[in-house]
Amino acid sequence: MEKYLYFPSCVYREEKPEWLNTLRSVFNKYYNDLEKNNELLVSQTSSMVGDETLSFFENYLKHMAFITLQEQGYSVAEYTFYLSSIWGALISPLGHHMTHIHRESSLCGFYFLDTPEDGAYPVFEDPRPAKVALELDSIHRQEITLATPSIHFNNIKPGTILISNSWLPHRLEPNRGKGITKFVHFLVSQNKRNI
């Protein structure tokens, strides 16, 4: 019998440790402007969109949007891409983030600044909602199969960047360590060109 693999979803990963100092500096600037509340397990900064220090990062993400979406088969020449949101996030011990998607954007992603031992890490969920209607238990194995319900990125490190389609459900696992997981989260959106 022939087999056809339809409706794939991708998570793109790249290591960019050379950006750590710059992105930590920007993160700290926005974090220092927060009203500190030590009882919050998850907190985020205000928007970093338009910060001139991040222009290289924004250009990289817009370029990646063009390349990855074109590779996926989208008509990218009809659109311009822009960073609709960039913010810093902290997940303290016992903190986590529930499964969600980002509407009205094309891509979303993370750039990790601090990844303590047993800290929070991203998990991407199977985006096929009909699959859960008759879900069988999957066999626990190292390789990813069609039955795999979620992908755990528990091997991230400072400088890891992850990018996915915004419709791919994702969450942050609970921080079971003693340190704070810090990252920059971002959304790439699009405008239709006037042709």
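The values are calculated or read from the model by the stated rules, or taken from the named source; none is laboratory data. Remember, predicted model here, so these are calculated numbers, not experimental data. Cβ atoms come from the backbone with ideal geometry, glycine included; neighbour counts cover every protein chain shown. Accessible surface is based on the protein model in full, side chains and every heavy atom, while ligands, DNA and RNA are left aside. Shrake-Rupley method; radii C 1.70, N 1.55, O 1.52, S 1.80 Å.
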Select the strands (runs of 3 or more DSSP E) contained entirely in the range 1-101, then report the ones holding at least 2 residues which are under 19 Å from SER189 (Cα atoms) and either touching a Phe, Trp or Tyr at 6+ places or on another chain (Cβ under 6 Å) or among the hydrophobic types (A, V, I, L, M, F, W, C) (or both). 79-91
Can you name the residue in the range 68-90 that is of a type in the set (Val, Ile, Thr) and at pLDDT 95 or above and is also surrounded by the most Cβ atoms within 10 Å (Cβ to Cβ) among such residues? ILE86
Among the residues of the range 122-132, are any aliphatic (A, V, I, L, M), out of contact with any helix residue (DSSP H, G or I) (no Cβ under 8 Å at 6 or more places or on another chain), open to solvent by 40 Å² or more (accessible area, probe 1.4 Å) and without any contact (Cβ under 8 Å) to a residue 60 or more places away in the chain? yes
Can you find a residue that is under 21 Å from LEU61 (Cβ atoms) and not polar (S, T, N, Q) anywhere in the range 126-146? no
Does at least one position in the range 170-179 carry a residue that is open to solvent by 20 Å² or more (accessible area, probe 1.4 Å), touching a strand residue (DSSP E or B) at 6+ places or on another chain (Cβ under 8 Å), within 17 Å of TYR12 (Cα to Cα) and in contact (Cβ under 8 Å) with a residue 24 or more places away in the chain? yes
Those residues of the range 141-163 which are under 20 Å from SER25 (Cβ atoms) and of a type in the set (S, T, N, Q) amount to THR160
I'd like the full set of residues that are more than 13 Å from VAL11 (Cα to Cα), in a loop (DSSP other than H, G, I, E, B) and either within 18 Å of the chain's Cα centre (by Cα) or modelled with pLDDT of 85 or more (or both), limited to the range 110-148. THR115, PRO116, GLU117, ASP118, GLY119, ALA120, TYR121
